[in-house]
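> To start, I am sharing the structure in question, which I have written as structure tokens.
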Amino acid sequence: MKLLLTSAGISNMSIQNALVELLGKPVAEANALFIPTAIYAIPNGGDIARRVICGSLGDPFCQLGWKSLGLLELTALPSIKKELWIDMLRETDALLVGGGDCQYLTYWMQQSGLAYLLPSLLQKMVYVGLSAGSMIMTCFGTTYGNHILPADSDKSLSFVDFAIHPHLDHEWFPNNSLDNIEKLAASISVPSYAIDDQTAIKVIDGAVEVISEGHWKLFTP
């Protein structure tokens, strides 16, 4: 299993080099699929999805020079034949999972069936998360509450046994101070990584490495 769990995308050369290492080839030779689903559960989500895809918002993610880039919308998958999208996934080198609402994304990962396919798919594919797309692979997720899902719906998939708190000290997220994250981490029973937008967590078969040109801190329970 190869995961690159970022706060804001491929924001610096250290994170990009980690991505190339995980892919085993240059980005220009790799096929990618982008999952925008989580973005729809936040205000103005449709426009944010467009801007992430075209590269006019945030750090490089979709517009990184991929050999090919497709879209995989999880909410559509339950209503179409599985072979249409499973075959596409099997030809994908990198699954790019965008940010937004963790609970909404987790729900549709499960409802679409993709959550249950990931263990086998990740034997050859690299999972690249951005914000909520990273958080759902851990033991801790959040929600903005802009959906009508059952309140007890899962907020993460628990593929790894730690938590990630992205956007450390970001001006757009005033509650994400180190002090506030430390208090939150104290209530979680697994290790917590507070990471800024210049930091990512690389996981290879359970081995964890922090990739950073910025600031981060590990809190242990």
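The values are calculated or read from the model by the stated rules, or taken from the named source; none is laboratory data. Keep in mind that what you see is a predicted model, and the values were worked out from it rather than measured. With ideal geometry, Cβ positions are generated from the backbone for all residues, glycine too; neighbour counts draw on all protein chains shown. The protein model used for the area step is the full one, side chains on, heavy atoms only, and it has no ligands, DNA or RNA in it. Shrake-Rupley method; radii C 1.70, N 1.55, O 1.52, S 1.80 Å.
> What whole-number value in Å² describes the accessible area per residue of the chain for a 1.4 Å probe? Numbers along the way, then the final one.
On the way: 10080 Å² over 221 residues.
Ligands and nucleic acids excluded, the result is 46 Å² per residue.
> Write down the percent of antiparallel bridges among all DSSP beta bridges whose residues are both part of the chain, to the nearest 5. Don't jump to the answer; show the numbers that get you there.
On the way: 15 of 35 bridges.
About 45 percent, rounded to the nearest 5.
> Count the net charge of all other residues whose Cβ sits under 14 Å from the Cβ of LYS67, scoring Lys and Arg as +1 and Asp and Glu as -1.
-2
> Quick check: Cα centre of the stretch 153-221 to Cα centre of the stretch 80-134, how many Å?
Here the answer is 21 Å between Cα centres.
> Note down the relative contact order for the stretch 1-63 as a percent, whole number, built from C-alpha pairs under 8 angstrom at least six residues apart. It would help to have the intermediate numbers written out before the result.
Values: 39 pairs, mean separation 21.0, N = 63.
It comes to 33 percent, rounded to a whole number.
> Using DSSP to call loops (not H, G, I, E or B), can you name the chymotrypsin sites (Phe, Trp or Tyr not before Pro) in the stretch 78-148 whose Cβ has at most 16 other Cβ atoms within 10 angstrom? Please report the intermediate quantities before stating the final value.
On the way: sites: TRP85, TYR104, TYR107, TRP108, TYR116, TYR127, PHE140, TYR144; in loops: PHE140, TYR144.
Passing both the DSSP loop test and the Cβ count: TYR144.
> So which residue, out of ALA115, ALA18, ALA28, gets the largest mean-square fluctuation from a GNM of the chain using Cα contacts under 10 Å as springs?
ALA28
> Continuing with the same structure: Taking K and R as +1 and D and E as -1, what net charge do the other residues with C-beta under 14 Å from the C-beta of SER134 add up to? Walk me through the numbers before you get to the answer.
On the way: positive: LYS2, LYS155, LYS202; negative: ASP59, ASP101, ASP196, ASP197.
That sum, taken over residues with Cβ under 14 Å, equals -1.
> Ignoring the sites themselves, what is the longest stretch of the chain with no GluC sites (Glu not before Pro) in a DSSP loop and at most 16 other beta-carbon atoms within 10 Å?
Details: sites that count: GLU73, GLU91, GLU171, GLU213.
It works out to 92-170.
> Let me ask something else. Percent of accessible area on the chain owned by carbon and sulfur, 1.4 Å probe?
Values: 5220 of 10080 Å².
The C+S portion of the solvent-accessible surface of the chain is 52 percent.
> Determine the order of CYS102, CYS54 by accessible area, beginning with the largest, at a probe radius of 1.4 Å.
Details: CYS102 0, CYS54 65 Å².
Solvent-accessible surface, decreasing: CYS54, CYS102.
> Work through the residues other than LEU22 whose Cβ is under 14 Å from its Cβ and net out their charges, Lys, Arg +1 and Asp, Glu -1. Walk me through the intermediate numbers first.
Numbers: positive: LYS2, LYS25, LYS124, LYS202; negative: GLU21, GLU29, ASP93, ASP205, GLU209.
Here the count lands on -1.
> Mean residue ellipticity at 222 nm from the helices of the chain, using -39,500 (n - 2.57) per DSSP H segment of n ≥ 4 over the full residue count, to the nearest 500 deg cm²/dmol? Intermediate values should be presented prior to the final figure.
Working: 7 runs with 61 residues, N = 221.
Counting only the DSSP helices, I get -7500 deg cm²/dmol.
> For the stretch 66-162, run through the trypsin sites (Lys or Arg not before Pro) and keep only the ones in DSSP coil with at most 16 other Cβ atoms within 10 Å of their Cβ.
On the way: sites: LYS67, LYS81, LYS82, ARG90, LYS124, LYS155; in loops: LYS67, LYS81, LYS124, LYS155.
Listed in order of number, the matching sites are LYS67, LYS81, LYS124.
> Something else about it: Could you give the C-alpha radius of gyration of the chain expressed as a fraction of 2.2 N^0.38 Å, taking N as the number of residues it contains?
On the way: Rg = 16.1 Å, N = 221, 2.2 N^0.38 = 17.1 Å.
Working it through for the chain, the quotient is 0.94.
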